[in-house]
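Asker: Would you mind keeping the following structure in view while I ask a few things?
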Amino acid sequence: MLGFNFSEFKPKTDKKSNFDQLLNIFQQLLLIFAGNASESLSYLSDLDRQYKLTDDSYGIADFIDDLKSQGYLTEEKGDGELRITAKTERNIRKQSLEEIFGKLKRAKSAGNHKTPYTGSSDENSSDLRAFQFGDGFDQVSMTESIKNAQINNGLDGEFSLFEKDLEVIERESNIQTSTVLMIDISHSMILYGEDRITPAKKVALAMAEVIRTRYPKDTLDIIVFGNDAWQIQLKDIPYLEVGPYHTNTVAGLELAMYLLRRRKTKNKQVFMITDGKPTCLKEGIKYYKNSFGLDRKIVTKTLNIAAQARRLKIPITTFMIASDPYLKKFVHEFTEVNNGRAYYSTLDGLGSFVLEDFQKNRTRNVR
């Protein structure tokens, strides 16, 4: 009797596949350990002992040598300290983009920003779609439409072209958007054994890569806020660490609006990633702090600045990594005052929420 004999599958491995696998893990660890190469490699060695990531033909020392030879690591003269390079920083951005934005593409929630507004500022894309009422004749793709007519109506007799045969060239708007991404680096972002800062960093890196590669005319400013708020550069993101800070949301929003007022674009927006309530204000050179519940003085000031942003037509989208009922109530009030949006996201879903909403907001045409 005919049949099949099955044997155990043994995947082929080579030096390159081992390197790529280890590089992926190493880059994830760099975000967790704030860009510290030595700590990341030490933890990678622990993982190797536990999960046997390497084999007799390719070990961690080989991996480190390859990192150096391929330009991912440099060794400082004198103390021999290992440091990551600009190439590694770029690679981490691309990895974050694939990890977060790639999921959206597979879920058909991504793609280029579409907008209902057309005009001289619009450009043709490479995408085609079926004709819809209101489309201009100049958008019709004659080649595709004639081909459809021949397929649908045959070649015999007179040529017939119907509405169902028409395909149009999709247009993309050149609407420019200025975005400020605010990241909470207060101590609560690592409380209770949950790492919340690493997902926030991944989101920031992915957003930066999306804007840099797909919307080069857009701008993205990144702010971190604890007791105070300050602007950071793209290259600083992997090295971000949580500090012994309270949460001064007002300082973050004041800086965000200052940056957006300097932008010439009409479309402006703020994305705020936080896991807790506002607990701090700065009054002169002193700090007013209260971690016990929602302080009326802090809440009032925070709501006032949300209203100010609304008057400037700057929507604030809040991504809360928390589910406490009293915090939800505060965020709901904050969102209502600003006329913005609010999401209560898990760490796994944070990136999808942020990037999906970025696309929605970007298509707004502020008059």
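Asker: Summing +1 for each Lys or Arg and -1 for each Asp or Glu, what net charge is found among the other residues whose Cβ lies under 9 Å from the Cβ of LEU166?
Answerer: Within the 9 Å Cβ shell, the charges total -4.
Asker: Considering the Cα positions of the range 201-240, please state its Rg to one decimal place and its Dmax as a whole number of Å.
Answerer: Every Cα atom of the range 201-240 included, Rg and Dmax give 10.8, 34 Å.
Asker: Once you put a point 7 Å from the Cα of THR143 and another 7 Å from the Cα of ARG212, both along the Cβ direction, what distance in nm separates them?
Answerer: 3.4
Asker: Obtain the nm distance between the two label points defined at ARG90 and GLN233 by a simple spin-label model: each point lies 7 Å from its Cα along the Cα-to-C-beta direction.
Answerer: For the pair ARG90/GLN233, the computed spacing is 1.6 nm.
Asker: Using the heavy atoms of the protein chains alone and a 1.4 angstrom probe, what is the accessible area of the range 210-342 per residue in square angstrom?
Answerer: Accessible area per residue, the range 210-342: 50 Å².
Asker: Here is a further query. Please express the Cα-Cα pair-distance distribution P(r) of the range 162-236 as a list of whole percents, one per 5 Å bin, running from 0 to the bin with the greatest distance.
Answerer: 3, 12, 19, 18, 12, 10, 7, 6, 5, 3, 3, 2, 1
Asker: Next question. Please list, ordered by chain and number, the residues whose modelled amide H lies under 5 Å from the amide H of ARG341; skip anything fewer than 5 residues away on the same chain.
Answerer: ILE316, THR317, THR318
Asker: At 0.36 nm per residue, and after removing the present C-alpha to C-alpha distance, how many nm does the segment from HIS332 to GLU99 gain when stretched out fully?
Answerer: 80.9 nm
Asker: Mind running the shape call on the range 185-318? Use the C-alpha gyration tensor, a ≥ b ≥ c as the square roots of the eigenvalues: rounded below 1.5 for a/c, prolate if a/b tops b/c, oblate otherwise.
Answerer: Taking the square roots of the gyration eigenvalues as a ≥ b ≥ c, the range 185-318 is oblate.
Asker: My understanding is that a pair violates if its Cα-Cα distance is over 25 Å; which of LYS268/LYS289; LYS202/LYS268; LYS266/LYS286; LYS87/LYS217; LYS235/LYS268 do that in this structure?
Answerer: With Cα atoms farther than 25 Å apart: LYS268/LYS289; LYS266/LYS286.
Asker: Set the Förster distance to 51 Å, then compute FRET efficiency between ASN24 and GLU158 from the Cβ-Cβ distance, nearest 0.05.
Answerer: The formula returns an efficiency of 0.25 here.
Asker: Can you put SER69, SER38, SER145 in order of accessible area, largest first, using a 1.4 Å probe?
Answerer: Largest to smallest exposure gives the sequence SER69, SER38, SER145.
The values are calculated or read from the model by the stated rules, or taken from the named source; none is laboratory data. Quantities reported herein were computed from a predicted structural model and do not represent experimental measurements. Positions of Cβ are backbone-derived with ideal geometry, glycine not excepted, and every protein chain shown enters the neighbour counts. Just the protein is used for accessible areas: all its heavy atoms, side chains included, with ligands, DNA and RNA removed. Shrake-Rupley method; radii C 1.70, N 1.55, O 1.52, S 1.80 Å.
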